[in-house]
Amino acid sequence: MKTTVTVSATVGSPIAPYDGADPHDVTDTGSVRQTGYPLASGSVPDTLTAEGQPVGVVLLTEEPVPPGQPVEARPVALIRALADGQPNPLVFCVPVHDANFAALTGPDDLRAWHADPETLDTVLHRLHHHHWQVTGYAGAAEAETLLGEARHAYERLTGCLE
């Protein structure tokens, strides 16, 4: 499944593979591997959660993405998180056509790329200024289910059922 993500902000992150499986050498000057790949925050247009908001997304990218720019992405996992103590699930995505992230297919891969709950708590706080607590992960299928249900809720509300 692919979806369009509209980016709202991007920050640096320590998220990168442990084993150097991407094409960057950690000693390259200016290599993103010295610090990790940028992580963008955004949402999926034409979706509606139970809270009346579009589905929230975090998007791992090779380069920072300007706010407002749409990116074709694929879900990798559903992040189960609390923001200020309230449930706030997020879909973790990567760009569809970026070979750097082809190996990212599920929650186990996120952990192998330093995307553990504590790291995501810190990066999410930099993006959203809430107190975040990542409580777990679910697979891409669960993320796709959330997106499908949210798109259907949006279509019911707007009368655009196909």
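The values are calculated or read from the model by the stated rules, or taken from the named source; none is laboratory data. Model, not experiment: these values are computed from the prediction. Please note: Cβ atoms are built from the backbone with ideal geometry, for glycine as well, and neighbour counts cover all protein chains shown.
Mind checking which pairs have a first residue in the stretch 64-75 that is touching a residue at least 40 places away in the same chain (Cβ under 8 Å) and a second that is small (Gly, Ala, Ser) and in a strand (DSSP E or B), Cβ under 8 Å, 6 or more apart or different chains?
Matching pairs, first to second residue: Pro64/Ala40; Val65/Ala40; Pro67/Ser8; Pro67/Ala9; Gly68/Ser8; Val71/Ala40; Val71/Gly42.
Against the condition closer than 16 Å to Val57 by Cβ, in contact with a helix residue (DSSP H, G or I) (Cβ under 7 Å, 6 or more places away or on another chain) and hydroxyl-bearing (Ser, Thr, Tyr), how does Tyr154 come out, does it pass?
no
Against the definition (over 18 Å from Thr10 (Cβ atoms) and among the aliphatic types (A, V, I, L, M)), how does Ala115 come out, yes or no?
no
For Gly159, only one of the following conditions fails: (1) surrounded by 16 or more Cβ atoms within 10 Å (Cβ to Cβ); (2) on the phi > 0 side of the Ramachandran plot. What is its number?
So Gly159 meets the others, but not (1).
Let's see how each residue does on (1) surrounded by 13 or more Cβ atoms within 10 Å (Cβ to Cβ); (2) more than 26 Å from Ala141 (Cα to Cα); (3) at pLDDT below 85:
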{"residue": "Gly12", "(1), (2), (3)": "yes, yes, yes"}
{"residue": "Ala16", "(1), (2), (3)": "yes, no, yes"}
{"residue": "Gly52", "(1), (2), (3)": "no, no, no"}
{"residue": "Val55", "(1), (2), (3)": "yes, no, no"}
{"residue": "Pro64", "(1), (2), (3)": "yes, yes, no"}
{"residue": "Ala73", "(1), (2), (3)": "yes, no, no"}
{"residue": "Val94", "(1), (2), (3)": "yes, no, no"}
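Name the pairs: first residue in the stretch 124-143 and surrounded by fewer than 17 Cβ atoms within 10 Å (Cβ to Cβ), second residue part of a strand (DSSP E or B) and at pLDDT below 90, Cβ to Cβ under 6 Å, at least 6 apart or on different chains?
Close Cβ pairs (under 6 Å, with a partner that is part of a strand (DSSP E or B) and at pLDDT below 90) amount to Arg126/Val11.
Looking for something farther than 18 Å from Val5 by Cβ, modelled with pLDDT under 90 and either of a type in the set (Ser, Thr, Tyr) or touching an Asp or Glu at 6+ places or on another chain (Cβ under 8 Å) (or both) - is there at least one such residue anywhere in the stretch 114-129?
For the stretch 114-129, residues farther than 18 Å from Val5 by Cβ, modelled with pLDDT under 90 and either of a type in the set (Ser, Thr, Tyr) or touching an Asp or Glu at 6+ places or on another chain (Cβ under 8 Å) (or both): present.
Within the stretch 53-68, which residues are in a loop (DSSP other than H, G, I, E, B) and either closer than 24 Å to Gly148 by Cα or among the polar types (S, T, N, Q) (or both)?
Gln53, Pro54, Thr61, Gly68, listed by residue number.
Just to be sure, is Ala115 within 14 Å of Val55 (Cβ to Cβ), crowded, with 17+ Cβ neighbours inside 10 Å and out of contact with any Cys (no Cβ under 6 Å at 6 or more places or on another chain)?
Here the answer is no, as Ala115 does not meet what is asked.
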